[in-house]
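Heads up: the structure comes next, in structure tokens.
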Amino acid sequence: MNSNHNTEVSPQVYARIGGVLYLIIIAAGIFGELFVRDKLVVSGNAIATANNIMAHELLWRISIASDLIMHVCDIPLMLVFYVLLRPVNKNLALLMVLFNLIQTAVLVANKLNLLAAMSLLGSADYLKAFNPNQLHALSYLSIKLHGIGFSVGLIFFGFTCLVSGYLIFRSGYLPRILGVMMQIAGLCYLINSFALIIASAFAYRMFPVVLLPPFIAELSLCLWLLIKGVNVLKWNKQVGV
């Protein structure tokens, strides 16, 4: 016999899964950016940077793989946030996902710059058309382009945070303060990215202060989903159960 009874997955399950995915994303991002690229890339020195990458090629490759794992986790996390926030406003929840999809697509494509930076320092025959200094400069340029591409991607994530922050604030089953923090995070991302494009010297003076609020906001949301989840009674009231 066919049953028409639908078993809905509890929002708490989605919240816990989202918390785990968000934690993986934060950890992978910190590893790649702070523990690898920040250590190996010497600002303004293409030769030293090239030597560091060649001396730690496996670590450089692992950092790229870590970034890609982060972006793989982005996809199910988008679904989690859509499910959790669509009772507030389905259209805005969909808009949030679309902004986030563009961000992830830009950042995944941007990893090609990090792969190019490493490939230019290899021993392939076709690279002999360039002298070592040229290859070092091209490799460093690829890393700089990765930084610019990262900023472009964060423009779309800034809008993602603005929309998700509004939905969290209006939800009633997640703390309003998290919504406010996520909207502040979105503004910080937008300010940082557009400053890097329009006035890079000013942006470098702001960094990393302007990115501290987003880190606090995202980590707070991650831990809340992981530990507390949603208020199920208010969730049921919102969805009309």
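The values are calculated or read from the model by the stated rules, or taken from the named source; none is laboratory data. Quick caveat, the model's predicted, so the values are computed rather than measured. Here the Cβ is made from the backbone with ideal geometry for all residues, glycine too, and neighbour counts use every protein chain on show. We work out accessible area using only protein heavy atoms, side chains counted, and drop any ligands, DNA or RNA first. Shrake-Rupley method; radii C 1.70, N 1.55, O 1.52, S 1.80 Å.
A few notes on this one:
- Considering 17, 53, the condition of being touching a helix residue (DSSP H, G or I) at 6+ places or on another chain (Cβ under 7 Å) and under 30 Å from residue 228 (Cβ atoms) is satisfied by 17 alone.
- Given (1) in contact with a Pro (Cβ under 9 Å, 6 or more places away or on another chain); (2) surrounded by fewer than 22 Cβ atoms within 10 Å (Cβ to Cβ); (3) within 30 Å of residue 232 (Cβ to Cβ); (4) not acidic (Asp, Glu), number of the condition residue 172 does not satisfy: (1)
- Within the stretch 84-98, being open to solvent by less than 40 Å² (accessible area, probe 1.4 Å) and either without any contact (Cβ under 8 Å) to a residue 60 or more places away in the chain or farther than 30 Å from residue 182 by Cβ (or both) holds for one residue alone: 97.
- Residue tally, condition open to solvent by less than 70 Å² (accessible area, probe 1.4 Å) and touching a residue at least 60 places away in the same chain (Cβ under 8 Å), over the stretch 115-135: 4
- Search result, residues across the stretch 189-211 that are in contact (Cβ under 8 Å) with a residue 24 or more places away in the chain and open to solvent by 40 Å² or more (accessible area, probe 1.4 Å): 194, 196, 197
- Close pairs from the stretch 137-153: first closer than 15 Å to residue 122 by Cβ, partner open to solvent by 10 Å² or more (accessible area, probe 1.4 Å) and outside any helix (DSSP H, G or I), Cβ under 7 Å, at least 6 apart: 138/120; 139/120; 139/121; 142/120
- Out of 32, 18, 44, sole residue that is crowded, with 16+ Cβ neighbours inside 10 Å, at pLDDT below 95 and not aliphatic (A, V, I, L, M): 32
- Residues in the stretch 129-150 that are in a helix (DSSP H, G or I) and either among the hydrophobic types (A, V, I, L, M, F, W, C) or within 23 Å of residue 94 (Cα to Cα) (or both): 129, 135, 137, 138, 141, 143, 145, 148, 150.
- If only residues of the stretch 181-207 that are over 16 Å from the mean Cα position of the chain (by Cα) and not aliphatic (A, V, I, L, M) are counted, the one that is modelled with the highest pLDDT is 194.
- Matching residues in the stretch 99-113 - criterion: being open to solvent by less than 20 Å² (accessible area, probe 1.4 Å) and closer than 12 Å to residue 64 by Cα: 107, 110, 111
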